[in-house]
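The values are calculated or read from the model by the stated rules, or taken from the named source; none is laboratory data. Quick caveat, the model's predicted, so the values are computed rather than measured. Backbone-built Cβ (ideal geometry, glycine too); neighbour counts: all protein chains shown. We work out accessible area using only protein heavy atoms, side chains counted, and drop any ligands, DNA or RNA first. Shrake-Rupley method; radii C 1.70, N 1.55, O 1.52, S 1.80 Å.
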Amino acid sequence: FWEWPGEPSGSPQWGHGSGASGAVGSALLGLARTSGWNAIGVYRTNVERAAELTREWEGGPGSLHLHRADLTEPSEVNALLEAIPADECPDAIVHLAAPRIVAGALHRTSWDGYQQQIDGILKPVVLLTPPLLARMLRRGHGRVIGVLSAAVFVKDTAATEIYTTAKYAL
């Protein structure tokens, strides 16, 4: 799935991803399945795509457990964490979730527009990562991956500056 220079090769045990039902999340889950990973994915609204992904993973290799949760809500994050057995530890946490891009210039945007993007991109990382990272630290290895966007490399960000600001925060 991912190879890290200088580390021993071997099959990861399982990974966790947020944004599992989107295009990028689905593609990453496809790679995870091909590699035989056991994956836990989180989606918020796309129930139909989640059902398709579950069917695609039937019969292995690997396994997929999808959870519906709004990762901006602490109670839903806590429920998700409680659903993951305490003795399971991810090899990787991949943060993909992001709200729709809000286009608007700084002088035409309220704080609420920025807050929506920050909550959708950064808040799940802050709420979800520490408890799983604690498991990784106890085990002695693991990776936390924040997926950015090509938008952060665009020279003219006038149309995406709110989204880009939140991705840079990630």
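Here are the numbers for the structure shown:
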quantity: Residue check for Glu76: touching a residue at least 24 places away in the same chain (Cβ under 8 Å), within 28 Å of Arg139 (Cβ to Cβ) and among the charged types (D, E, K, R); calculated: no
quantity: Where Glu56 falls short, out of the listed (1) buried (at least 17 other Cβ atoms within 10 Å of the Cβ); (2) more than 14 Å from the chain's Cα centre (by Cα); calculated: (1)
quantity: Qualifying residue in region 43-52 (condition: surrounded by 13 or more Cβ atoms within 10 Å (Cβ to Cβ) and within 19 Å of Ile145 (Cα to Cα)); calculated: yes
quantity: The one condition in (1) under 26 Å from Gly142 (Cβ atoms); (2) surrounded by fewer than 14 Cβ atoms within 10 Å (Cβ to Cβ); (3) out of contact with any strand residue (DSSP E or B) (no Cβ under 7 Å at 6 or more places or on another chain) that Lys123 fails to fulfil; calculated: (2)
quantity: Cross-chain or 6+ apart pairs with Cβ under 9 Å, region 109-120 first and more than 15 Å from Thr164 (Cβ to Cβ), then of a type in the set (A, V, I, L, M); calculated: Asp119/Ala166
quantity: Check on Ala27, in a helix (DSSP H, G or I) and surrounded by fewer than 20 Cβ atoms within 10 Å (Cβ to Cβ); calculated: yes
quantity: Residue in region 102-110 that is over 13 Å from the mean Cα position of the chain (by Cα) and over 21 Å from Leu170 (Cα atoms) present; calculated: yes
quantity: Exclusive hit being open to solvent by less than 70 Å² (accessible area, probe 1.4 Å), modelled with pLDDT under 80 and in a loop (DSSP other than H, G, I, E, B), set Gly10, Gly17; calculated: Gly10
quantity: Among the residues listed as Ala103, Ala166, Ala92, the single one being open to solvent by 20 Å² or more (accessible area, probe 1.4 Å) and of a type in the set (Gly, Ala, Ser); calculated: Ala103
quantity: Scope region 121-157; condition among the charged types (D, E, K, R) and without any contact (Cβ under 8 Å) to a residue 60 or more places away in the chain; matching residues; calculated: Lys123, Arg135, Arg138, Arg139, Lys155, Asp156
quantity: Region 145-170: number of residues that are outside any helix (DSSP H, G or I) and either of a type in the set (S, T, N, Q) or modelled with pLDDT under 80 (or both); calculated: 8
